[in-house]
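Engineer: Please find one structure pasted underneath; my questions will follow.
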Amino acid sequence: MFEKRLEELQILLPETPKPLAAYIPALQIGKFVYTSGQLPMKNGVLAAAGKVGKEVSTEEAQNAAHIAVINCLSAIKSVLGSLDKIEQIVKITVFVNSAEGYTDQPVVANGASELLLQIFGEAGKHARSAVGVSELPRNAAVEVELIASVK
Amino acid sequence: MFEKRLEELQILLPETPKPLAAYIPALQIGKFVYTSGQLPMKNGVLAAAGKVGKEVSTEEAQNAAHIAVINCLSAIKSVLGSLDKIEQIVKITVFVNSAEGYTDQPVVANGASELLLQIFGEAGKHARSAVGVSELPRNAAVEVELIASVK
Amino acid sequence: MFEKRLEELQILLPETPKPLAAYIPALQIGKFVYTSGQLPMKNGVLAAAGKVGKEVSTEEAQNAAHIAVINCLSAIKSVLGSLDKIEQIVKITVFVNSAEGYTDQPVVANGASELLLQIFGEAGKHARSAVGVSELPRNAAVEVELIASVK
């Protein structure tokens, strides 16, 4: 059902990133799947680098959050085999690389939240924290981590 | 029991914030409840805005953490119906909007932790992370998220 | 098995920090153990203080992450009695006190991740988020929190 919805939305999950030595893109433990913090990488390139509110606009950052959460889903699929096994999106945390005085982190995070709602419907309604941080890996504009539960 | 304790402490839980489109104030999944990151909103107004250690004193920030964790409890109550269903406060994360060189995040976080202990006693003893961030939504002085387990 | 591995690696877990009033070093709830955010304290002294990329080198910060994750394990041992009861390291979050423009948080976090792999092998492969924050308690270079599952 959710896989079909992805198709309808014409969203293509990227190749799952290769597991690195010591940590992995996602892990299932009992009823839960935890993803690692995902950057807005698309085709091996950062979709948005720099501070939101300065080098990166709110709209660009929303799009980056959208891409990062797709990478979360790709990481989950690499563990579960299919997104159809997801019962509920439980929690996301959206870290926004924020310029001084930038306080629209929730608007940026909507780029992730709204996509989850589009794909998963009721099962996509989640708890969320959005915070502004001073630096992110590779100077990414956002980083998103996600917890889901499994049917 | 915990609801009664709230009364004794004369703490009034605010009206639960309306669920927003894509994310919700709190979510129960199995034995756990996750809240969204809560700001120190009181009667629709931020109780403390600005950087702790500069525009906001440590004492004001402690009070803001106190208010934010009350909003966490309100979010949980909106899901469980009653705080008496809480088995244990599991974990809180306290994000402190910190001025340069401000390192008393744990003192600020005590404003949340001590209230949980007052209300829940042994069941209120929790794991905690307190970190300093550069920006928060609406320029709030603190943001608090909470995980609890359900009886 | 994991306790034996610690011995082979000649890693001595420090005395568990005394539980503080309102929050505790770690908490077990059902199948999970959550630690509080741990600083790189060694013999009561911070192993690395200051901003990574400025006062603290990447190598020093890696070592600090190594020490902080040892403190996470010590906190877990205080709850479980033995690390041999750990089933899986589930998730770590590494907060790096970052100088302006410092973006090697994942390299710093490897100081924690690689140790977990050394000690726990397959059971040490975890999900991870690494973010740069502007301030940390006591001006610590890193703060690490950990979630594990119990056999």
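The values are calculated or read from the model by the stated rules, or taken from the named source; none is laboratory data. Since this is a predicted model, take the numbers as computed values, not measurements. Here Cβ is always computed from backbone atoms with ideal geometry, including for glycine, and neighbour counts include all displayed protein chains.
Engineer: Taking the range A:117-135 as the region of interest, how many residues are at the interface with another protein chain (Cβ under 7 Å from one of its Cβ atoms) and either in contact with a helix residue (DSSP H, G or I) (Cβ under 7 Å, 6 or more places away or on another chain) or not hydrophobic (A, V, I, L, M, F, W, C) (or both)?
Structural biologist: The qualifying residues number 10.
Engineer: Among the residues in the range A:33-54, are any within 13 Å of chain C (Cβ to nearest Cβ) and among the aromatic types (F, W, Y)?
Structural biologist: Yes, the range A:33-54 contains at least one residue that is within 13 Å of chain C (Cβ to nearest Cβ) and among the aromatic types (F, W, Y).
Engineer: Related question: Can you go through B:G50, B:G111 and tell me which one is touching a helix residue (DSSP H, G or I) at 6+ places or on another chain (Cβ under 7 Å), closer than 25 Å to A:E100 by Cβ and small (G, A, S)?
Structural biologist: None of the others qualify; the one that does is B:G50.
Engineer: Within the range A:78-87, is even one residue surrounded by 21 or more Cβ atoms within 10 Å (Cβ to Cβ) and either within 8 Å of chain B (Cβ to nearest Cβ) or closer than 27 Å to B:I147 by Cα (or both)?
Structural biologist: Yes; the residues of the range A:78-87 include at least one that is surrounded by 21 or more Cβ atoms within 10 Å (Cβ to Cβ) and either within 8 Å of chain B (Cβ to nearest Cβ) or closer than 27 Å to B:I147 by Cα (or both).
Engineer: Just give me the residues in the range B:1-45 being at pLDDT below 95, assigned to a strand (DSSP E or B) and either touching a strand residue (DSSP E or B) at 6+ places or on another chain (Cβ under 9 Å) or farther than 30 Å from A:Q62 by Cα (or both), in sequence order.
Structural biologist: B:Y23, B:M41, listed by residue number.
Engineer: Follow-up. Going through the range B:34-78 one residue at a time, which ones are hydrophobic (A, V, I, L, M, F, W, C) and under 24 Å from C:V33 (Cβ atoms)?
Structural biologist: B:V69, B:C72, B:L73, B:I76
Engineer: Show the residue pairs meeting these rules: Cβ distance below 7 Å; 6+ apart or different chains; first residue within the range B:111-139 and more than 15 Å from B:L39 (Cα to Cα); second residue surrounded by fewer than 24 Cβ atoms within 10 Å (Cβ to Cβ) and among the acidic types (D, E).
Structural biologist: Within 7 Å, the pairs are B:A123/B:E87.
Engineer: Please work out if B:S98 is hydroxyl-bearing (S, T, Y) and surrounded by fewer than 24 Cβ atoms within 10 Å (Cβ to Cβ).
Structural biologist: The answer is no for B:S98.
Engineer: Within the range B:23-57, track down each residue that is within 24 Å of B:S82 (Cα to Cα) and in contact with a Leu (Cβ under 9 Å, 6 or more places away or on another chain).
Structural biologist: Let us first name the residues in the range B:23-57 that are within 24 Å of B:S82 (Cα to Cα), namely B:23-44.
Hits for the range B:23-57 are B:Y23, B:A26, B:Q28, B:V33, B:Y34, B:T35, B:S36, B:G37, B:Q38, B:L39, B:P40.
Engineer: While we're here: Any residue at all in the range B:64-76 that is free of Cβ contacts under 8 Å to residues at least 12 places away in the same chain, aliphatic (A, V, I, L, M) and within 12 Å of another protein chain (Cβ to nearest Cβ)?
Structural biologist: Within the range B:64-76 (the criterion being free of Cβ contacts under 8 Å to residues at least 12 places away in the same chain, aliphatic (A, V, I, L, M) and within 12 Å of another protein chain (Cβ to nearest Cβ)), the answer is no, since none of the residues qualifies.
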